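A.B. asks: What follows is a single structure, and I will ask about it in a moment.
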Amino acid sequence: MSFQRAFSNAKWEREVGYCRAIRAGNHIYVTGTAPIDEDSNVFAPGDGCAQTTRCLEIIRQAVENLGAKMTDVVRTRMFVTDISRLSEYGRAHREFFAGHLPATTMVEVKSLADPDMLIEIEVDAVVMPTA
């Protein structure tokens with residue numbers, strides 16, 4: 001089995017030693033993705049919907065770099081610092097996955113890598129072979 005890796009150039013990829021996503025056969029695993037901008041600063045502090053959208057945009061790029069589409073996503077995991085803001089995170093998630101709803105989990109955690117981060121998202125995808 002071959003492996004393909006995608007990187008987003010987030011500073012933590014280099015510091016910790018990981019890739020944004022890895023494709024193993026027809027499975028894609030996207031690591032926890034935080035809402036950062038191109039300079040590795042927190043995107044939209046205080047806005048749960050915007051941060052969720054940003055995470056999913058970064059994830060979409062990684063998935064596409066590995067030859068898949070967001071419609072191949074079968075599972076998301078959302079780690080949030082304030083679950084009472086569920087509707088903010090959920091609005092962005094619902095809009096992003098309209099028409100191809102994945103299985104999902106949302107869990108409240110004590111903190112993320114930066115105190116201004118409200119959410120981090122992991123994704124699993126399965127790419128169906130083309131005929």
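A.B. asks: Any idea which of (1) crowded, with 16+ Cβ neighbours inside 10 Å; (2) under 23 Å from MET1 (Cβ atoms) is the one ALA24 doesn't satisfy?
C.D. replies: Condition (1) is where ALA24 drops out.
A.B. asks: Which of the residues that make up region 8-27 are under 15 Å from CYS55 (Cα atoms) and either polar (S, T, N, Q) or touching a helix residue (DSSP H, G or I) at 6+ places or on another chain (Cβ under 6 Å) (or both)?
C.D. replies: Correct list: SER8, ASN9, ARG20, ALA21.
A.B. asks: Let me ask something else. All but one of (1) in contact with a Lys or Arg (Cβ under 8 Å, 6 or more places away or on another chain); (2) assigned to a helix (DSSP H, G or I) hold for TYR89; which doesn't?
C.D. replies: Condition not satisfied by TYR89: (1).
A.B. asks: Taking SER8 and the conditions (1) modelled with pLDDT of 95 or more; (2) under 13 Å from the mean Cα position of the chain (by Cα); (3) closer than 19 Å to ILE119 by Cβ, which numbered condition does it fall short on, given that it satisfies the others?
C.D. replies: Going through the list (1) modelled with pLDDT of 95 or more; (2) under 13 Å from the mean Cα position of the chain (by Cα); (3) closer than 19 Å to ILE119 by Cβ, SER8 breaks only (1).
One line per residue, one yes/no per condition, for (1) in contact with a Phe, Trp or Tyr (Cβ under 9 Å, 6 or more places away or on another chain); (2) in a helix (DSSP H, G or I); (3) among the small types (Gly, Ala, Ser); (4) over 23 Å from SER87 (Cα atoms):
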{"residue": "VAL30", "(1), (2), (3), (4)": "no, no, no, yes"}
{"residue": "GLU38", "(1), (2), (3), (4)": "no, no, no, yes"}
{"residue": "GLY46", "(1), (2), (3), (4)": "no, no, yes, no"}
{"residue": "CYS49", "(1), (2), (3), (4)": "yes, yes, no, no"}
{"residue": "CYS55", "(1), (2), (3), (4)": "yes, yes, no, no"}
{"residue": "ILE58", "(1), (2), (3), (4)": "no, yes, no, no"}
{"residue": "GLN61", "(1), (2), (3), (4)": "no, yes, no, yes"}
{"residue": "ALA68", "(1), (2), (3), (4)": "no, no, yes, yes"}
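A.B. asks: List every residue pair whose Cβ atoms sit under 9 Å apart, with the two residues 6 or more apart in sequence or on different chains, where the first one lies in region 96-111 and is outside any loop (DSSP other than H, G, I, E, B) and the second, anywhere, is exposed (fewer than 12 other Cβ atoms within 10 Å of the Cβ).
C.D. replies: Correct list of pairs: GLU108/SER84.
The values are calculated or read from the model by the stated rules, or taken from the named source; none is laboratory data. No experiment lies behind these values; they were computed from the predicted model shown. Backbone-built Cβ (ideal geometry, glycine too); neighbour counts: all protein chains shown.
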